[in-house]
Every structure is written in structure tokens, then in C-alpha cells.
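Report on the structure given below.
Every read-out reported here was derived from the displayed coordinates using simple, explicitly stated rules and does not represent laboratory data. Model, not experiment: these values are computed from the prediction. Every residue, glycine as well, gets a Cβ built from its backbone with ideal geometry; the counts of neighbours run over all protein chains shown.
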Amino acid sequence: MSTLSIHQQKMKMQLQQTNCSKDQLWNIIEDHFRYYTAPGIKDELWMLTIAILSSDQAPEVETGNDCNSRLHFYEQSILFIEAVDQLYRQHEKKKKKRKSEP
């Protein structure tokens, strides 16, 4: 069962193709940032990270190394999200500028 809309499922199928176009990739990024802001994504990732690290249901998080790996994943994901967010905002500015030019 998927929580993705039919439109998003189609985008997922396109992404899984080896020759996904730049426009298709931008459509996925634009769709994502329509639903979530970078700060909202960071908050959700932090909540998931805390839930995993404090869960009795996650026995693989028993050592300091395991916790460190998950925290590293969280920090690396935040860095990635912030970079994509800035790329998206620059892209949107360029689109608006092109539309406003005669």
C-alpha cells in the first residue's frame, strides 16, 4: 500500500527509469517542496531519529557506533535537504524572472 497519489506514483516510476529527464527531476523536487518546507522536513527527521534511538523495538541501536551512524545519517540528510531547498529556491527565482521578462 502506498500513501502517494497517482501523480506521485507516476513520478516515482519515472525516477526509477535510468534516463529520467531534468524536467522530470525538477517536477519531483517542486512537488516535494509544495508539501514540505525545509524546516518541517528537519523537524520530521529529528522526530524519526529520536523515535528510533529511544525505541525498545530497535535492538540494532545498542552500541554507540549504531547511534552515531544514525545521527550521522540525520545530519547528512539535513545537509542534503538544505542544499536541495536552496537549489529549488534559486530555480523558482529564475522561473519567475523568465516569466516577467518581455
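Using just the Cα positions, wrap segment 1-52 in a convex hull and report its mean projected area in square nanometres, one decimal place.
The number I arrive at for segment 1-52 is 4.8 nm².
To check my understanding: the extent here is largest minus smallest coordinate of the Cα atoms along each principal axis. What are those three numbers for segment 1-101, in Å, largest first?
Projected onto the principal axes, the Cα atoms of segment 1-101 cover 57, 29, 23 Å.
What nm distance separates the two modelled labels at Met1 and Glu101, each placed 7 Å from Cα along Cα→Cβ?
4.9
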